[in-house]
Amino acid sequence: MGVKPYGYWTSRENCKAEIANYKTLKEFRKDHNKGYSTILKKGWEDLLEPLQRYGKPISYEYCLLVSLACNYPFEVVKLDSSVYYKVKRSKWESELWSHFTEQPNKRIIWTKEKCHEVAMLCKSRSELENRFSGAYDRARDHDWLDDICTHMEPLGNVNSRTVYSIEFADRSVYVGLTYSMRVRLHQHFEQPSSNRYVEEKKLSVEYVIREHGSSLSWEDAQTLEHILKLKYKRNRWKILNIAKTGKGSGALGAGIKKWTPEKMKEAAKSCKSAKEFRKKFPVAYARASYLGILSEIQSHFKMKKTLPKGYWNKKENCLVEAKKFRAPGEMKIKSPTAYRKIIANRWRAEAFSHMNYLKPWKR
C-alpha cells in the first residue's frame, strides 16, 4: 500500500491503476480513503464501476431491479443505499424512478384533496398526525380536519361517558362506564382486565356487549350505571362489579377521577401554596388549568411579587437590597441576582461597607 506522493490522486490514470488492484469498493476505501474522496470530488465515479459492493455489482441492471421493488426514494435507501447514491450520481432518476408515486426531490404540496387522500389511510386523527404530520398541520391550519376525517371513529371525550354492560352466558354481568368504548373494550379483552372476574370468564364463557347510553354527563352516567346494576340484580344476575356504583362512588371510567370546581377549591384550600397544590393534586391542577379557572382557585395563595424588567440594573435598588444582609456570602445565597449585578458593576465598596465580615450569619 505505502504512502503516495503529493498530488498522486489528482491523476486519473493513477486512480484507475490503483482501482485495478482491488475487487471490492470496501477494500479500496479501507486502503485509500483519500483517493476515494478525491475521485468523488473530481466526479470520476465511472472509475469505480468495476468494483463490487458486498459481492453485488453496482450496474444499471442492478439499480433497475432495486428501483422496481420500491415506490419511494427513501425505500431505495433502506433496501440498498449504494443503489440510491449510484442513481443520483449517474443522474438516472428520470429513467429508473419514473414509476415512483412522488418524483425525487419534489416537495409535496398538501392540497385539500391530497390531505383527504392520506386521511383515508388512517383510522383516527392521532394516527394521521403521527404518519402524515405535514398533511395534518396543513389541514388544521385551514380548518379541513372536519371535512377529511368524517370516516374516522372518535376516540372519545373526557367530559362525556358511555354506559355499557358485558353479559356472560352463565347469567353474570359487569356494568361499567367509560369515555371511549373502543379503549375500554381493548383494556378488558386485549389486555389483562382490571376486574378479576371478567379476566377469568372472558376466555371460557360466551358474552354479549350492550351499550345503554352514550354522550352522557358524569352525573347521568353514574346514575344510569347504578340503576342498571340494581335492575340486573333484581332479575337474579350475578354482579361482577367490585367497585361501588352511583353518585357517591367517584368512579368515572378509564381511571379518570372526577374533579368538580367545588372539589378543586376544597383541595386548594388544604394547601399553603400553589406549588404544594400542584404537587399533592396534579390531576386537579391540570383540570383547573384546562377549564381556565386556575387563577380563581388559587386566588387565596400569596403570590410572589415579580420585579419589573431591568430592576437590578439600577444602582440604588442594589444598594437597598444589600442593606438587608450582614455578609456578602449571605447576599450571594439569598439574593443572587442583585449580588451578581453588584460584582459586575464594581459597586462592592458602597454595597458591602456596612457588613461585618467577622460576625457569623445563619443560612
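Summary table below
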{"item": "Check on Val198, closer than 19 Å to Ala169 by Cβ, among the aliphatic types (A, V, I, L, M) and in a helix (DSSP H, G or I)", "result": "yes"}
{"item": "Yes/no for Leu294 being out of contact with any helix residue (DSSP H, G or I) (no Cβ under 6 Å at 6 or more places or on another chain) and at pLDDT below 85", "result": "no"}
{"item": "Scope segment 263-312; condition farther than 30 Å from Lys341 by Cα and of a type in the set (Lys, Arg); matching residues", "result": "Lys263, Lys265, Lys269, Lys272, Arg278, Lys279, Lys280, Arg287"}
{"item": "Filter pass, Glu206 being at pLDDT 85 or above and outside the structural domain of Leu291 (by TED's automatic domain parsing)", "result": "yes"}
{"item": "Breaking point among (1) part of a helix (DSSP H, G or I); (2) modelled with pLDDT under 80, for Thr38", "result": "(2)"}
{"item": "Residues located in segment 206-229, provided they are exposed (fewer than 14 other Cβ atoms within 10 Å of the Cβ) and assigned to a helix (DSSP H, G or I)", "result": "Glu219"}
{"item": "Tally of residues being without any contact (Cβ under 8 Å) to a residue 12 or more places away in the chain and of a type outside the set (A, V, I, L, M, F, W, C) across segment 106-135", "result": "9"}
{"item": "Filtered residues of segment 323-344 (kept if surrounded by 13 or more Cβ atoms within 10 Å (Cβ to Cβ), assigned to a helix (DSSP H, G or I) and among the hydroxyl-bearing types (Ser, Thr, Tyr))", "result": "Tyr339"}
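Residue-by-condition table, conditions (1) out of contact with any helix residue (DSSP H, G or I) (no Cβ under 7 Å at 6 or more places or on another chain); (2) surrounded by 12 or more Cβ atoms within 10 Å (Cβ to Cβ); (3) modelled with pLDDT under 80; (4) in a loop (DSSP other than H, G, I, E, B):
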| site | (1), (2), (3), (4) |
| --- | --- |
| Cys63 | no, yes, no, no |
| Lys88 | yes, yes, no, no |
| Lys106 | yes, no, yes, yes |
| Glu117 | yes, yes, no, no |
| Met152 | no, yes, yes, yes |
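Here's the yes/no breakdown for (1) farther than 23 Å from Leu96 by Cβ; (2) surrounded by fewer than 17 Cβ atoms within 10 Å (Cβ to Cβ); (3) over 42 Å from the mean Cα position of the chain (by Cα); (4) at pLDDT below 80:
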{"residue": "Val3", "(1), (2), (3), (4)": "yes, yes, yes, yes"}
{"residue": "Ser11", "(1), (2), (3), (4)": "yes, yes, yes, no"}
{"residue": "Ile19", "(1), (2), (3), (4)": "yes, no, yes, no"}
{"residue": "Thr24", "(1), (2), (3), (4)": "yes, yes, yes, yes"}
{"residue": "Lys56", "(1), (2), (3), (4)": "no, yes, no, yes"}
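The values are calculated or read from the model by the stated rules, or taken from the named source; none is laboratory data. Model, not experiment: these values are computed from the prediction. All Cβ positions, even for glycine, are placed from backbone atoms using ideal geometry, and neighbour counts span all protein chains on display.
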